[in-house]
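Asker: The structure's right below; bear with me while I get my questions together.
Bear in mind that the values in this text are calculations on the coordinates, not laboratory data. Just so it is clear, the model here is predicted, and its values are computed rather than measured. FYI the Cβ positions are ideal-geometry reconstructions off the backbone, even for glycines, and counts take in every protein chain you see.
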Amino acid sequence: MLEIKNLHATVDNKEILRGVNLTVRAGEIHAIMGPNGSGKSTLAQVLAGRQTYEVQEGEVLYRGKDLLEMSVEDRAREGVFLAFQYPVEIPGVTTSYFLKAALNSVRKHRGEEELDAMEFLALVKERAKLVEMEQSFLQRSVNEGFSGGEKKRNEIFQMAVLEPKLAVLDETDSGLDIDALRIVADGVNKLRRPDNAVIVVTHYQRLLNYIVPDFVHVLMNGRIVRSGGKELALELEKRGYDWMKVEATVEAGS
Amino acid sequence: MATENQTIEELAGKEYKYGFITDIESDTAPRGLNEDIIRFISAKKEEPEWLLEWRLKAFRHWLTMEEPDWHNVHYPAIDYQNIIYYSAPKKKTELKSLDEVDPELLRTYEKLGISLAEQERLAGVAVDAVFDSVSVATTFKGKLNELGIIFCSFSEAVRDHPELVKKWLGSVVPAGDNFFAALNSAVFTDGSFCYIPKGVRCPMELSTYFRINAADTGQFERTLIVAEEGSYVSYLEGCTAPIRDTNQLHAAVVELVALDDAQIKYSTVQNWYPGDKDGKGGIYNFVTKRGKCAGVNSRISWTQVETGSSITWKYPSVLLQGDNSVGEFYSVALTNNRQQADTGTKMIHIGRNTRSTIVSKGISAGFGNNSYRGLVSIQKGAERSRNFSQCDSLLLGDKCGAHTFPYIKVKNTSSKVEHEATTSKIGEDQIFYCTQRGLSTEDAVNMIVNGFCKEVFRELPMEFAVEAQKLLGVSLEGSVG
């Protein structure tokens, strides 16, 4: 599904990613954890194609294709989805209109028929249930006046409609109370299929109680310094990141 | 043809009687402007004496006026003596099929979703479709006649309903109102006239589209709409299809009168030629539009979508004379490439308990320059009046400009005026969010811009709103990349 090899990326000439290696296969859930400023969000944004970040070195293969060569919209149309840490407001554009345009551009790319208004409505009604969304929000402007929790739920709802192959959830748990966290996690779990994969970027182990990862990676100073199973997350919760920092420094020095 | 020539010859003969000295061989007046030219225009149009006098008065006043320079637009000086002020409507050279039409134009038609038949009509292809629209227009006219609604060209109105024209012409925009209005009053050639009798609700949107002879109304257009007591009319001006015109200067005047309990809704989509990327060749559009809420409880709404012209200078205004009257102004003005727009409104509150709403959305892209200029004046007697203004500007790129010049004058203490203004840039994060969902950058920008304009678009009649959205997309082409 996804193969990241020796990925280096900078923002404003500052190196954030310093050689990330990661392989994700279909059907897997990977968690990427790490302290503030370790490069977690940068990795998510680079995968989505944000231009603020400059890739200096390395390669990313996505379903056999060179992901870094693709435009932002082509990555999306090929099934890469980023659930934003800070979803953006688009005043005057209804969620329904926005999502229909998005879905149809994805379907067009796949060579599928575009959905008409009735078909689209039937689909979103069904998917809205996954994240326990009121239908009225479809007629509200995209993310405008949404609470933090509503914005995050809206991200997962969009994911449910667009059915990506690879979903990257960037700190989807931040700012959520426990009920909202459960709803969001339930949504992600229900969307899990053998032919898609999820990368969960998070600070805390909390979310991983609900979305159980197959692999946990610790990102520090722009590198993955440790990988393991879900128990690694529990260890981090107990011991924090500091002990690993020492190990990482030792490793880097050797 | 023979009789037509005869008529012209007869007219030409008449003109000498009025002291017209230039030798007239064709249907086109010589360049320049003087009283003889005005007499020539008036005679060509077989106008009554009073109208000629009215024109001459306007012209004499115009001579004493100076071209305004307070606006925030720049253009080379206009030589008013180098303009041809009258040219009989020419027969368009008819094309045999769409294959002969400029492919660039066809591409734009397609983007706007204009049907093939309509494309042919617009491009001047001689086909049966033209007859279709004639028959539509005929049915339409029959229905209006039954209701006593008059909807015709200005020239026809002068001929068939002189008493109405005489009563209302210049009653809202006096002949000497401003430099461009005075010029229009002196030399206007045609336009639209619309009269809604007492208590009649016009059952359809009146559109210049249905007025077959609306083509070639020329550069000095004059429109007059009178809504009698308790009547209602919605009027559509312009169309989204690109309009090419060889006349660079346009100075139109539109007057609206709403009597007691009457309502006029006036919607405009202006898509004149904006000039090329460097701003060469575009239309200078200097328009005076004003409505008078003469009666109690009357209401006038202006809605405009301005995407064309290289210079747009217009301030559709409302005089709120009748007590409890309402004035509204909803505007989207887009400037791309080298376009300049200085537009806004004046709400003059005279009657008691009058209300006005202003919603202005300015979009600047490329090297475009967009100014909102508005006056809210609440006079002493306009007790308990209210105004709400909202002026939002959206910038695409860093070479364009947005300016706001709001003027507020309040002369009593019982009224309330609110003004809100915002300026924002289309965010890179907004575009990224949209493209991450699979939209192209162009579609993303269109969507964001259309969302920005939503409050104005919802004031437009449904099908007009859909067209206006597409038009914004076409007008923004090449502004991102």
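Asker: Can you check what the net charge comes to around B:L259, using other residues whose Cβ is under 10 Å from the Cβ of B:L259 (Lys, Arg +1; Asp, Glu -1)?
Answerer: Computed value for this residue: -2.
Asker: Grab the other residues whose beta carbon is less than 15 angstrom from that of B:G199, score K and R as +1, D and E as -1, and report the net.
Answerer: Counting the neighbours of B:G199, the net charge comes to -3.
Asker: Calculate the mean, over all residues of peptide B:438-451, of how many other protein chain Cβ atoms lie within 10 angstrom of the residue's Cβ.
Answerer: That works out to 6 on average.
Asker: Among the trypsin sites (Lys or Arg not before Pro) in segment A:1-87, which ones are in a DSSP loop with at most 14 other Cβ atoms within 10 Å of the Cβ? Mind listing them?
Answerer: Within segment A:1-87, the qualifying trypsin sites (Lys or Arg not before Pro) (loop, at most 14 other Cβ atoms within 10 Å) are A:R25, A:R63.
Asker: Let me ask you something else. Of the options A:Q45, A:F157, A:N196, report the single residue whose Cα projects farthest towards the positive end of the charge dipole of segment A:2-253 (beta-carbon charges: Lys, Arg +1; Asp, Glu -1).
Answerer: A:N196
Asker: Here is a further query. Across peptide A:88-96, how many C-beta atoms of other chains are within 10 Å of each residue C-beta, on average?
Answerer: That average works out to 6.
Asker: Right, next: Give me the lysines in straight-line cross-link reach of B:K411: C-alpha distance below 23 Å, same-chain residues under 8 apart excluded.
Answerer: Straight-distance partners of B:K411: B:K292, B:K346, B:K380.
Asker: Report, in listed order, any pair from A:K129/B:K454; B:K44/B:K166; B:K198/B:K314; B:K57/B:K198; B:K265/B:K399; B:K361/B:K399 with a Cα-Cα distance greater than 25 Å.
Answerer: Violating the 25 Å Cα-Cα cut-off are A:K129/B:K454; B:K198/B:K314; B:K57/B:K198; B:K265/B:K399.
Asker: Additional query: Can you run the Rg to Rh ratio on segment A:2-253? Use alpha carbon positions and the Kirkwood inverse-distance Rh.
Answerer: When Rh is taken as the Kirkwood radius, the ratio is 0.97.
Asker: Near A:K230, which lysines are there with a Cα under 25 Å away, not counting those fewer than 8 places off in the same chain?
Answerer: The reachable lysines, counting only those whose Cα sits under 25 Å from A:K230, are A:K5, A:K40, A:K152, A:K165, A:K190, A:K238, A:K245.
Asker: Quick one: A:Y62, B:Y330, fewest Cβ neighbours within 10 Å first, how do they rank?
Answerer: A:Y62, B:Y330
Asker: So, in nm, how far is label B:H161 from label B:E455 when the simple model puts each one 7 Å beyond its Cα toward the Cβ?
Answerer: Distance between the two pseudo-spin positions: 3.6 nm.
Asker: Continuing with the same structure: Provide B:S87, B:S331, A:S71, B:S377 in ascending order of the number of other Cβ atoms located within 10 Å of each residue's Cβ, fewest first.
Answerer: Lowest to highest Cβ neighbour count: A:S71, B:S87, B:S377, B:S331.
Asker: Would you tally the net charge around B:L169, using a Cβ to Cβ cut-off of less than 9 Å, leaving B:L169 out, and scoring K and R as +1, D and E as -1?
Answerer: +2
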